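A short write-up of the structure that comes next.
The values are calculated or read from the model by the stated rules, or taken from the named source; none is laboratory data. Not measured: the values here are computed from a predicted model. Glycine gets a Cβ as well: all are built from the backbone with ideal geometry, and neighbour counts include every protein chain shown. Note: accessible area is taken over every heavy atom of the protein model, side chains too, but ligands, DNA and RNA are not part of it. Shrake-Rupley method; radii C 1.70, N 1.55, O 1.52, S 1.80 Å.
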Amino acid sequence: MTAYLGVDLAWGLGSGRKPANETGLVAMDADGAITDAGWARGVDAVTDWIAEHLGPRTLVAVDASLVVTNPTGIREAERQVGQRYGRWKVAANPTNLASAASAGARLLERLTELGVGYVSDTAGMHARTGPAAFECYPYTTLVGVEELGYDVERPRYKRLDLRVPAAEARTARAAAFDDLVHRLRTTPLDPPLLLDSHPLTAGLADPSVLHGPTHKHREDLLDGALCAWTAAFWERHGDRRVQVLGGDPALPSDPPDDAGRRPVVVAPARPSQRRPAE
């Protein structure tokens, strides 16, 4: 059975003195049931977890920059995130070859060694003959899937709103997180996302706490689930409801890497978030 793995990868590699931040990990089957979930620290531990869950056609969705070829500045895929989703207050952090946050590239190296391919277009994703990985961004999923109802802007379930006092910002962030989980649990989605099917993801429905590290711990797992579901959504709907940012031959793009892999971000999209036809 096709399996979908979601990896909310901590971008930093960590060191002997300071371990990498937690990575949220979720495995989902074709029916939307969560078959495994948890956290790991560091690329090696994340790679080991992925290796344990690989099947013949596993699709691995990673929230991190996997292919980076631009020496400076911002990748074209990241630029297009802002261009297409900026109205919803969604933008991507810029990455380049000088960025210290390089765990994504390191993870792709490790996955390649395991025989995991890299897919950067819908045709290649459908035609894969083995497990494959791609890059995604949960915010584009949340605002790009109309059923979730984020018609005005992204949910503020991550960073604190610095425009208001800290206590108020923590309360608002917790409320946004709880509302997001409620929407994911109650909205009819195609394919389904059954958070209640695993004890850890079911626990995301518990009321949020204001303690920052605890919130981040839960957020990483939720984003892992969103990544896994993005993989299933892409396979289910293809180009009809998903666009590949950075992969349009009619637009500027970054050069492929030495293995011919293109830096792209796979993003669910409403019609209004797509490039207008010329």
Checklist entry - Using a 1.4 Å probe on the protein chains only, how many percent of the accessible area of region 1-91 belongs to carbon and sulfur? => result 49 percent
Checklist entry - Which value in nm describes the separation of the simple spin-label points at Asp161 and Arg183, placed 7 Å from the Cα toward the beta carbon? => result 1.5 nm
Checklist entry - What figure in square angstrom, to the nearest 10, would you give for the accessible area of Lys89 with a 1.4 Å probe? => result 100 Å²
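So how much slack lies between Ala202 and Asp190, counting 0.36 nm per residue of separation and subtracting their Cα-Cα distance, in nm? Please list the in-between numbers first.
Details: separation 12, 0.36 × 12 = 4.32 nm, distance 1.92 nm.
Taking 0.36 nm per residue and subtracting the Cα distance, the gain is 2.4 nm.
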Next on the checklist: Nearest 500 deg cm²/dmol is fine: what mean residue ellipticity at 222 nm does the chain get from its DSSP H runs of n ≥ 4 alone, each adding -39,500 (n - 2.57), divided by its residue count?
Outcome noted: -10500 deg cm²/dmol
Checklist outcome for this item: Given backbone amide H placed at 1.01 Å from N, residues whose amide H is under 5 Å from that of Asp254, ignoring those fewer than 5 places away on the same chain, are Glu76, Ala77
Item to check | Trp11 accessible area, assembled protein chains, probe 1.4 Å, Å² | outcome: 70 Å²
Item to check | Whole-percent carbon and sulfur share, accessible surface of region 172-229, 1.4 Å | outcome: 63 percent
Checklist entry - Shape of the chain from its Cα gyration tensor (a ≥ b ≥ c, root eigenvalues): rounded if a/c is under 1.5, otherwise prolate when a/b > b/c, or oblate? => result rounded
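When only the heavy atoms of the protein chains count and the probe is 1.4 Å, how do Arg57, Arg240, Arg173 rank by accessible area, highest first? Walk me through the numbers before you get to the answer.
Working: Arg57 80, Arg240 170, Arg173 30 Å².
Final ranking, largest accessible area leading: Arg240, Arg57, Arg173.
How much net charge surrounds Thr95 when only the other residues with a Cβ under 14 Å from the Cβ of Thr95 are counted, with Lys and Arg +1 and Asp and Glu -1? Kindly include the intermediate steps, with their values, before the conclusion.
Values: positive: Arg75, Arg79, Arg106; negative: Asp63, Glu76, Glu78, Glu135, Asp254, Asp257.
Charge balance near Thr95 sits at -3.
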Next on the checklist: Could you give each residue of region 119-129 its phi-based ³J(HN,Hα) in whole Hz, using Karplus coefficients 6.51, -1.76, 1.60 with θ = phi - 60°, and x for Gly or Pro?
Outcome noted: 10, 10, 7, 5, 4, x, 4, 5, 8, 4, 10
Next on the checklist: What are the ³J(HN,Hα) couplings of region 189-199, residue after residue, when phi is run through the Karplus curve with 6.51, -1.76, 1.60 and θ = phi - 60°? Round to Hz, x for glycine and proline.
Outcome noted: 10, 10, x, x, 10, 9, 4, 6, 7, 9, x
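For region 192-252, what does the alpha-carbon gyration tensor say about shape, rounded, prolate or oblate, given a ≥ b ≥ c as the root eigenvalues, a/c under 1.5 as rounded, and a/b over b/c as prolate?
Oblate, since a/c reaches 1.5 and b/c is not below a/b.
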Item to check | Label point distance in nm, Leu13-Asn96, each placed 7 Å from Cα along Cα→Cβ | outcome: 2.0 nm
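What accessible area per residue, rounded to a whole number of Å², is obtained for the chain using a probe radius of 1.4 Å?
44 Å²
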Checklist outcome for this item: For region 45-59, in residue order, the Karplus 3J(HN,Hα) values (coefficients 6.51, -1.76, 1.60; θ = phi - 60°; whole Hz; Gly and Pro = x) are 5, 5, 4, 4, 5, 4, 4, 5, 10, 6, x, x, 10, 4, 10
Checklist outcome for this item: Per the rule of 0.36 nm per residue minus the C-alpha distance, extending His217 to Asp44 adds in nm 60.3 nm
Checklist entry - Could you give the length gained on full extension between Glu109 and Gln83, defined as 0.36 nm per residue of separation minus the Cα-Cα distance, in nm? => result 6.4 nm
Next on the checklist: Shape verdict for region 24-170, please, from the Cα gyration tensor: rounded (a/c under 1.5), prolate (a/b greater than b/c) or oblate.
Outcome noted: prolate
Item to check | C-alpha center-to-center spacing [region 1-45, region 151-204] in angstrom | outcome: 19 Å
